[in-house]
Amino acid sequence: MTLFIAFLIAATLLTLTPGVDTAMVLRASLGSHRRVAFCAASGVVLGCLASGGAVSLGLGIVLQASEWLYLAVKLAGAAYLIWLGLGLLLQPRKKIDSDGSHPGLQPWVAFRQGLVTNLLNPKIGIFYVSFLPQFIPSEMSVSLYSFFLASVHAVLTLLWFTLLILIASRISQWMQSPRVISRFDRITGGLFIGFGARLALSQG
């Protein structure tokens with residue numbers, strides 16, 4: 001129980017740390033229908049679960065051991081983030097439809113962006129490989145308990161994103177101005193490019 005409580009504290013701090021996932025969900029929350037934001041959050045969470053499943057099956061160790069495979073996935077993830085960022089800079093939203101959605105950010109698009117961003121970030125898998133074993137009791141199955149801990153982290157992430165979405169939906173009525181929406185998209189695009197560049201230039 002002590003190890004699990006320690007994991008909950010560490011995983012909660014990790015979840016609350018702002019990153020590309022937070023920026024993606026906030027961008028979907030502000031100026032879009034709430035269901036779009038929840039689709040983005042669901043994609044992120046499913047990506048976490050997929051990474052956790054891969055780690056529990058030992059694929060994370062393969063990724064950690066293969067320098068070329070790690071580099072390929074890392075560069076693909078960086079390129080995807082930069083591509084998303086450029087799209088937001090060059091074609092930001094300018095209006096919101098009557099149902100609160102936007103043609104360029106349909107629910108399935110938001111879900112896909114959240115999912116692909118996580119799947120193409122090898123640091124998530126490597127992080128699980130190095131992070132989760134610290135909290136696995138000696139009598140437990142490493143593979144099963146690793147996936148259990150990854151699932152707990154995914155639930156914490158979903159709860160945090162739900163809170164963010166509910167808060168953002170409260171203030172989104174003040175962000176319906178085309179100028180505000182376009183500016184927010186461009187800021188988010190700049191963040192995505194920054195995250196992508198940092199991922200591409202990161203060591204290990």
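Let's see how each residue does on (1) assigned to a loop (DSSP other than H, G, I, E, B); (2) under 16 Å from ARG27 (Cβ atoms); (3) at pLDDT 85 or above:
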site	(1), (2), (3)
GLY114	no, yes, yes
ILE124	no, no, no
LEU159	no, no, yes
GLN173	no, no, no
ARG186	no, yes, yes
GLY189	no, yes, yes
LEU199	no, no, no
Checked segment 126-139 for anything of a type in the set (A, V, I, L, M) and either surrounded by fewer than 14 Cβ atoms within 10 Å (Cβ to Cβ) or part of a helix (DSSP H, G or I) (or both); matches are ILE126, VAL129, LEU132
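Conditions tested, residue by residue: (1) more than 20 Å from THR17 (Cα to Cα); (2) at pLDDT 90 or above; (3) open to solvent by 60 Å² or more (accessible area, probe 1.4 Å).
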site	(1), (2), (3)
GLY100	yes, no, no
PRO107	yes, no, no
LEU164	no, yes, no
PRO178	yes, no, yes
ARG183	yes, no, yes
GLY196	no, no, no
Among helices (runs of 4 or more DSSP H) completely within segment 1-91, the ones holding 2 or more residues that are in contact with a Gly (Cβ under 7 Å, 6 or more places away or on another chain) and open to solvent by less than 20 Å² (accessible area, probe 1.4 Å) are 34-56, 67-90
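The values are calculated or read from the model by the stated rules, or taken from the named source; none is laboratory data. In this text, all values refer to a predicted model and were calculated from it rather than measured experimentally. FYI the Cβ positions are ideal-geometry reconstructions off the backbone, even for glycines, and counts take in every protein chain you see. Ligands, DNA and RNA are excluded from the accessible area calculation, which covers all protein heavy atoms including side chains. Shrake-Rupley method; radii C 1.70, N 1.55, O 1.52, S 1.80 Å.
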